[in-house]
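Working notes for the structure below.
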Amino acid sequence: MGTIQITNLTFKYDQMSTNLFDSVNLSIDESWKLGLIGRNGRGKTTLLNILRNKLDYSGSIVTNLNFYYYPQNVSNPAKLAGDVALELSGLKDYDIWKVEQELDKLKMDLSVLERPFENLSPGERTKLLLAVMFVDNNGFQLVDEPTNHLDIEGREVVANYLRGKQGFIVISHDRGFLNQIIDHVISINRNTIDVYQGDFDTWEQQKDIRDNSEMAEKAQLKKDIKKMEASAVKKENWANQSERNKNKNIKMDLHTNLDKGFLSHKSAKMMKKASTMQKRANEAVEKKKDLLKDIEIDDPIVLNYVEISHFNQLISAENFQMVNDSVQTPEVSFEVKTGKVTALLGRNGIGKSTIFKRIMDFDQPFEQRGNISIKKGIKVSYMPQETTLHGTIRQVAENSEIDVEQVFSNLRKLGFERELFNDPIEHMSQGQKRKVALSLSLSQEANLYLWDEPFNYLDVITRDQIIAAIKKQHPTMLIIDHDIGLIDTIADEKVMLKE
Ligand SMILES: Nc1ncnc2c1ncn2[C@@H]1O[C@H](COP(=O)(O)OP(=O)(O)OP(=O)(O)O)[C@@H](O)[C@H]1O
Ligand SMILES: [Mg+2]
């Protein structure tokens with residue numbers, strides 16, 4: 001049976017001051033269906049790149065498995081998808097049926113192979129690339145965030161597909177998606193890396209139990225240390241005092257009949273007890289340091305939201321549509337009510353982001369039909385689907401007149417590393433970029449939030465922090481996302497775009 005044995009793996013990127021991985025030991029079986037989880041920037045993608053031998057590390061990785069990686073790099077996207085598939089898989093023409101067989105399991109029309117790769121929708125590209133990597137049944141697939149470009153139906157199809165496979169690692173922040181697929185979890189914690197048997201929910205339960213027992217143990221140790229230290233001091237004082245008295249008595253009356261031997265013996269015993277007590281207190285302090293090292297920071301976050309209570313709704317659309325020669329969004333009527341979260345749902349490519357851009361009044365090659373009215377003078381915080389921010393966080397905040405200290409404070413609460421505060425945003429991991437965009441949006445004063453797939457790339461703890469803030473503050477928000485579990489939790493209203 002094939003395995004991956006990782007021993008003493010240590011790694012850091014050149015620019016980093018501390019190791020990203022420090023003497024990591026892991027043992028993975030080739031049949032496991034693993035979910036790789038951890039907060040943004042913890043090194044999930046890096047770990048996959050290390051397994052693929054793309055980075056120099058110290059320690060050893062012993063395996064006889066063939067690794068495949070998603071997303072593959074498509075060198076010439078103008079080529080037909082079928083040719084791209086052959087090139088990436090190394091298959092001969094006559095073996096294209098192997099790709100077709102996988103596409104079939106992914107409920108894809110085989111005609112996609114005849115279309116230029118670049119013309120496929122992001123969801124279709126994802127499925128094609130997955131089909132290509134899973135052609136080798138004996139391979140071990142490393143799948144890095146396949147869900148980001150998938151709509152609700154796409155996630156369902158890919159979850160079912162992966163459930164039928166064996167021997168892979170998938171990174172995803174969609175807990176519902178992971179629960180459907182995996183039987184093991186690799187978790188990159190704050191200080192350690194663990195492997196658990198179970199799905200995401202079982203992992204989370206175990207982690208909660210462990211965290212709670214560590215917190216209880218820490219509280220107990222704190223009490224014990226205080227008691228032990230106080231008792232050590234008391235015993236030491238007693239011993240010192242009786243020694244002093246003894247010496248005083250000796251000086252005062254050399255013929256005293258005090259049993260000096262007894263006193264000396266007793267104070268020495270007390271001294272010993274005091275030092276044992278102090279030793280135990282020191283041990284408890286050391287033990288305490290080992291606790292809570294993996295407990296994640298999840299301080300509550302707050303939206304800088306100002307409600308406009310004199311309007312019942314901030315946006316209302318009636319038989320509204322955006323059209324051009326080749327595309328038209330379905331006709332839709334909806335309202336964005338004050339103090340409510342409205343979710344705009346629909347498959348990939350149906351025109352949700354186009355509607356957002358119309359609300360923002362951006363130039364677009366579309367004509368409008370029907371009506372959409374947006375209250376004048378309201379402050380809108382818009383988070384686009386892709387983060388294209390450049391420069392440092394400070395520069396971006398200052399350009400948008402957002403208080404940069406507020407942005408930094410929000411980033412800290414989201415577990416973002418302080419060392420990256422001055423880095424150019426374009427060099428950050430996808431999730432880190434997203435956290436910057438999110439912190440900017442949180443810090444900006446707003447009456448309305450337009451969030452286009454805000455949860456993409458964000459780790460589960462960050463998602464939970466956002467959910468908690470939304471549930472507490474009830475902001476006026478129009479939101480697009482394909483994580484149905486999450487939308488069900490926060491949305492007051494749902495608007496479905498359907499052909
Ligand atoms: N080529 C690189 N050079 C320097 N630092 C890098 C490089 N690639 C990633 N990093 C940094 O290494 C850390 C780990 O990055 P990585 O992309 O592996 O994280 P991740 O867990 O996959 O995050 P995400 O959830 O956002 O995808 C981050 O702090 C990131 O900024
Ligand atoms: Mg990553």
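None of the figures in this text is laboratory data; all of them are computed from the coordinates on show. Since this is a predicted model, take the numbers as computed values, not measurements. FYI the Cβ positions are ideal-geometry reconstructions off the backbone, even for glycines, and counts take in every protein chain you see.
Worth pointing out:
- Here the Karplus curve 6.51 cos²θ - 1.76 cosθ + 1.60, taken at θ = phi - 60°, turns the phi angles of segment 185-194 into couplings of 10, 9, 10, 8, 8, 4, 10, 9, 10, 10 Hz, with x standing for Gly and Pro.
- Three-way shape label, segment 1-83, alpha-carbon gyration tensor, a/c 1.5: oblate
- Unit Cα scatterers, Debye sum, the chain: log10 I(q)/I(0) for q = 0.05, 0.09 Å⁻¹: -0.29, -0.75
- Sparse-neighbourhood loop sites, chymotrypsin sites (Phe, Trp or Tyr not before Pro) in segment 195-236 - DSSP loop, at most 16 other Cβ within 10 angstrom: none
- Between helix 96-105 and the chain: long-axis angle, C-alpha atoms, 0 to 90°, nearest 10: 70
- Protection proxy ranking, peptides 470-476, 446-452, 323-329, average beta carbon neighbours within 10 Å, highest first: 446-452, 470-476, 323-329
- Protection proxy ranking of 69-79, 98-108, by the mean of other Cβ atoms within 10 Å over each peptide's residues and highest first, is 98-108, 69-79.
- Simple rule: put +1 on each Lys or Arg Cβ and -1 on each Asp or Glu Cβ in segment 3-199, find the dipole, and look at M133, Q180, L110; the Cα lying farthest toward the positive end is Q180.
- Ratio of Rg to Rh over segment 333-430 (Cα coordinates, Kirkwood Rh, two decimals): 1.02
- Length gained when the stretch N240-K471 is fully extended (0.36 nm per residue, less Cα-Cα span): 77.1 nm
- Oblate is the label for segment 134-202, because the ratio a/c of its alpha-carbon gyration tensor axes (a ≥ b ≥ c) is 1.5 or higher and a/b is not greater than b/c.
- Helix axis angle, 122-133 relative to the chain longest principal axis, alpha carbon, degrees: 70
- Taking amide H positions as modeled 1.01 Å from N, with prolines and chain starts lacking one, the residues under 5 Å from Y68 and 5 or more places away or on another chain are F140, Q141, L142.
- Cα-centred dipole magnitude for the chain, charges only on beta-carbon of K, R (+1) and D, E (-1), debye, nearest 20: 3540
- Within the same chain, lysines fewer than 8 places from K44 are excluded, and of the rest, those with a Cα less than 23 Å from its Cα are K12, K33, K54, K127, K165, K207, K293, K413, K433, K435.
- Working note: Karplus 6.51/-1.76/1.60 with θ = phi - 60° gives segment 230-238 the couplings 4, 5, 4, 5, 4, 5, 5, 4, 4 Hz, where Gly and Pro are set to x.
- In order along segment 405-419, the Karplus-derived 3J(HN,Hα) couplings, from 6.51 cos²θ - 1.76 cosθ + 1.60 at θ = phi - 60°, round to 5, 4, 5, 4, 5, 5, 4, 4, 5, 8, x, 7, 6, 4, 4 Hz, and Gly and Pro are given as x.
- Spatial offset of segment 308-325 relative to segment 4-23 amounts to 51 Å, using the alpha carbon center of each.
- Here is how the number arises for the chain: DSSP H runs of 4 or more residues each give -39500 (n - 2.57), the sum is divided by the residue count, and the result at 222 nm is -13000 deg cm²/dmol.
- Pairwise FRET efficiency - V302 versus E493, Cβ, R0 = 25 Å, nearest 0.05: 0.60
- Extension gain from N73 to S333, taking 0.36 nm per residue of separation minus the Cα-Cα distance: 89.5 nm
- Alpha-carbon centroids, segment 181-235 and segment 108-160: separation in whole Å: 39
- Distances between placed amide hydrogens fall under 5 Å for F320 paired with V332, S333, N371, all partners being 5 or more residues away or on another chain.
- Each other residue within a Cβ distance under 15 Å of R115 adds +1 if Lys or Arg and -1 if Asp or Glu, for a net charge of -3.
- Over all other residues within a Cβ to Cβ distance under 15 Å of A159, the charged ones net out to -1, with Lys and Arg as +1 and Asp and Glu as -1.
- Sparsely packed trypsin sites (Lys or Arg not before Pro) within segment 263-324, loop by DSSP, other Cβ within 10 Å at most 12: K293
- For segment 313-496, the share of DSSP beta bridges that are antiparallel, to the nearest 5, is 45%.
- For S111 and A216, the difference between the fully extended length at 0.36 nm per residue and the C-alpha to C-alpha distance is 31.9 nm.
- Segment 3-199: antiparallel DSSP beta bridges as a percent of all, rounded to 5: 50
- With each label modelled as a point 7 angstrom along the Cα→C-beta vector, the Q166-K279 pair spans 5.5 nm.
- Local electrostatic count at R42 - Lys and Arg +1, Asp and Glu -1, tallied over other residues with Cβ under 9 Å: +2
- Here the chain carries DSSP beta bridges of which approximately 50% are antiparallel, counting only pairs with both residues inside.
- Once the C-beta distance of N319 and D93 is scaled by a Förster radius of 45 Å, the resulting FRET efficiency is 0.35 to the nearest 0.05.
- Two-site FRET efficiency, L65 against H390, from Cβ-Cβ distance with R₀ of 51 Å, rounded to 0.05: 0.85
- For segment 48-155, the share of alpha carbon pairs falling in successive 10 Å distance bins from zero is 14, 45, 30, 10, 1 percent.
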